[in-house]
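Structure, as structure tokens:
None of the figures in this text is laboratory data; all of them are computed from the coordinates on show. Everything quoted here is computed from the prediction, not taken from an experiment. No Cβ is skipped: glycine too gets one built from the backbone with ideal geometry, and neighbour counts run over all protein chains shown.
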Amino acid sequence: MRPRGIEERIRGGIYGVAIGDALGATLEYLDRNEIGRKYGQLRDIVGGGWLSLKPGSWTDDTEMTLAVAEGIAESPDDPVPRIGAAFIRWKSTNPPDIGPTIRAAFHAWEQGGLSHREWHLAAERAHEMLGGRSAGNGALMRTLPVSLAYADPRTVFRRAVEIARMTHWDPIAGLSCALYCLFARELLEGTREKSMGIGLGLGAAFQRAKDLMSSLEGFREFEPAWRSVPEIRLPISVSALNPTGYAVNSLICALWAFTEHKSFEDAVVAAVNLGGDADTIGAITGGLAGVHWGYGSIPTRWIGKLTADQRARLDSAVQGILRVREGST
């Protein structure tokens, strides 16, 4: 039998990504001064933004999160080929918001005639095409399902890096995903007590990532990159926030929004109103907040902006993850 608390938190995480994305899309590429002049503080899902979205519409963050969830559900022991196939199906819809690193990886995959087992080659080639710059947050934005589907932290670490490296070759992108997923796993497995418990969970995630990087085969090459990632200690200062597309910056912003606020709504509102890459920072904050506080904490006025089709897709992802988790070790 499924523990109700786990199902509530997994649903909260998946819906949290979508809601944070939909709220933040309005503010993407605006700075805090522009947001203040135009909206004061945005607290409602109103659409618009540079993509001229309808209220409730989401972006590449949620689409790729659902692709990851789908691939894991279909083939939990070997998800990359199924995730890759889902990526290409999404690309075939001609979305307007594919990020530059992901676009380069798609191009490398197609032009190289690669199979869905060779996405790592596409990512490496894209990394070279981009002059060695592939540490953006396009892998981080889609990584949450890894932390929800797999119980073993070793599997979480491996899968987070493996799936990140389908498009983002830079070790910093993979490590950011691993840290995020290990922390989300702590939230999923832990108690609802916030404050000291959250700090301990974050510290545990950092230590576990460091230990796994050293002990698991194939990850020693990540150690130089690890030394360039700052150890994040709570409380996070507002002066440390830089809401850009760099994976580490996005992660710090999301951790600040989550740890410094006392509800799902306040955390996600704070995240997106930082501006910059607001949809992604909203999505990754929403994922953490949804896992911690659960689906019931998400304002109904926000969920009401989603269409029946959107909710059905999110619910399908939740059920797929639950099936994997029941068989996960």
- Set of aspartates and glutamates near Lys262 by C-alpha distance (under 13 Å), chain-local residues within fewer than 8 positions excluded: Glu193
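Cα-based Rg of the stretch 240-329 per 2.2 N^0.38 Å, rounded to two decimals?
Ratio of Cα Rg to 2.2 N^0.38 Å: 1.18.
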- Message: Given the stretch 112-188, report the % of alpha carbon pairs whose separation exceeds 20 Å.
- Response: 30
- What order do you get for 226-236, 53-63, 167-177 when each peptide is scored by the mean count of other beta carbon atoms within 10 Å, highest first? 167-177, 53-63, 226-236
- Query: Under 5 Å between amide H atoms, partner at least 5 residues away or on a different chain: which partners does Gly48 have, H built in plane at 1.01 Å?
  - Reply: Leu53, Lys54
- Query: Could you give the nm distance between label points at Arg103 and Val238, where each point is 7 Å from its Cα heading toward the beta carbon?
  - Reply: 3.5
- Near Lys54, which lysines are there with a Cα under 28 Å away, not counting those fewer than 8 places off in the same chain? Lys38, Lys91, Lys305
- Grab the DSSP H runs of the chain that are 4 residues or longer, score each as -39,500 (n - 2.57), total them, divide by all residues and round the 222 nm result to the nearest 500 deg cm²/dmol. -19500 deg cm²/dmol
- Item | Coarse-grained scattering of the chain at q = 0.09, 0.13, 0.14 Å⁻¹, given as base-10 log I(q)/I(0) from a Debye sum over alpha-carbon atoms | -0.40, -0.88, -1.04
- Message: To make sure I understand, if each residue's beta carbon is the centre and we count other beta carbons within 10 Å, what order do Glu223, Glu162, Glu217 fall in, fewest to most?
- Response: Glu217, Glu223, Glu162
- Could you work out the per residue convex hull volume over the alpha carbons of the stretch 264-306, in cubic angstrom? 66
- Item | Estimated FRET transfer efficiency when R0 is 35 angstrom, pair Asn94-Glu189 (beta carbons, to 0.05) | 0.30
- With label points built 7 Å along Cα→Cβ from the Cα atoms of Gln319 and Ser228, find their separation and express it in nm. 4.4
- Treating only Lys and Arg (+1) and Asp and Glu (-1) as charged, each at its beta carbon, one finds that the chain has a dipole about its Cα centre, in Debye to the nearest 20, of 480
- Item | Whole-Å distance, taken between Cα centres, linking the stretch 147-163 and the stretch 1-63 | 25
- If the cut-off is 19 Å between C-alpha atoms, which aspartates and glutamates fall inside it for Lys210, apart from same-chain ones fewer than 8 positions away? Asp152, Glu162, Asp170, Glu186, Glu221, Glu223, Glu231
- Message: Placing +1 on the Cβ of each Lys and Arg and -1 on the Cβ of each Asp and Glu in the chain, which of Ile284, Gly218, Val161 has its Cα farthest towards the positive end of the resulting dipole?
- Response: Ile284
- Message: Of Val68, Gly320, Ala123, which is farthest towards the positive pole of the chain's charge dipole, taken about the Cα centre with +1 and -1 on the beta-carbons of Lys, Arg and Asp, Glu respectively?
- Response: Gly320
- Message: What's the ranking of 179-186, 38-45, 118-125 by average number of surrounding C-beta atoms within 10 Å, highest first?
- Response: 179-186, 118-125, 38-45
- Message: Taking 20 °C and 1.002 mPa s as the conditions, I'd like the Stokes-Einstein D for the stretch 44-99 in µm²/s, using the Kirkwood hydrodynamic radius from alpha carbon pairs.
- Response: 174
- For the residues Ile83, Ile19, what sequence is obtained by ranking on other C-beta atoms within 10 Å, fewest first? Ile83, Ile19
- Message: For a quick check: sort Met213, Met141 by the number of other beta carbons within 10 angstrom, fewest at the front.
- Response: Met213, Met141
